[in-house]
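To keep things clear, I will list the structure first and then write my remarks on it.
The values are calculated or read from the model by the stated rules, or taken from the named source; none is laboratory data. Everything quoted here is computed from the prediction, not taken from an experiment. Every residue, glycine among them, receives a Cβ derived from its backbone with ideal geometry; neighbour counts consider all protein chains shown.
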Amino acid sequence: MPAAADDPRTRTALAAHQMGALRWLGGGVIAVVLGILLGVAAVQVADSGGGRLPGAGVGTLALVLAGAAGIGVGAGALLRTRRWRQGLATTSWRTGTLRVAGPAVISFEPYDGEEVRLRLLSTAVWRTRAVQALDGATVQAAPVGGAQWVLTTEDAATVYGARTVPPGR
């Protein structure tokens, strides 16, 4: 069986995931830089006798905090993409049926094995809804190390991360 990472569609989906991570990271860096520049500009205006800029402090804080969150999300997604790419290089896709058991809880029933209960890693509403729409559909999944799995559809337009759910939950 060829490795899942050898499939051109998988490589494209992972590249798209990585680009999304880079957008988050870049947007976060830009927001932090703009926040710092706003703070410096507010101080310069106040020091030159121009008075205080209303909302500059709150704007600076909001930009820096939102930027820091964006940097965290982007860095985490980049690490996840790297981990998925490494994991998919050593395993092949398993085809099976996806069953939705709750908002983020799913089960994957491979045609060649036992059911695997999973919880989606993403908190993005659109990703959760996209996976929920696949209830009963044929999907491909692969374990990528530890308790993590990667799911995709037959067309491999995007990849979804999931973690195994311990028994009894």
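Before moving on, here are some points about what is shown:
- The set of residues from the range 96-119 being at pLDDT below 85 and under 23 Å from the mean Cα position of the chain (by Cα) comprises 101, 102, 103, 104.
- Only one entry of 62, 31, 68, 56 meets the criterion of being without any contact (Cβ under 8 Å) to a residue 24 or more places away in the chain and either of a type in the set (Asp, Glu) or more than 30 Å from residue 142 (Cβ to Cβ) (or both), and that entry is 56.
- The residues listed here are 135, 155, 112; of these, the one that is within 30 Å of residue 26 (Cβ to Cβ) and part of a loop (DSSP other than H, G, I, E, B) is 155.
- Yes/no for residue 14 being surrounded by 16 or more Cβ atoms within 10 Å (Cβ to Cβ), under 19 Å from residue 154 (Cα atoms), in contact with a Lys or Arg (Cβ under 6 Å, 6 or more places away or on another chain) and at pLDDT 90 or above: yes
- Residue-level check: of (1) in contact with an Asp or Glu (Cβ under 8 Å, 6 or more places away or on another chain); (2) surrounded by 13 or more Cβ atoms within 10 Å (Cβ to Cβ), residue 142 misses just (1).
- For the criterion of being part of a helix (DSSP H, G or I), of a type in the set (Lys, Arg) and surrounded by 13 or more Cβ atoms within 10 Å (Cβ to Cβ), residue 80 passes.
- Of all residues in the range 83-99, at least one satisfies being free of Cβ contacts under 8 Å to residues at least 40 places away in the same chain, touching a strand residue (DSSP E or B) at 6+ places or on another chain (Cβ under 6 Å) and under 30 Å from residue 143 (Cβ atoms).
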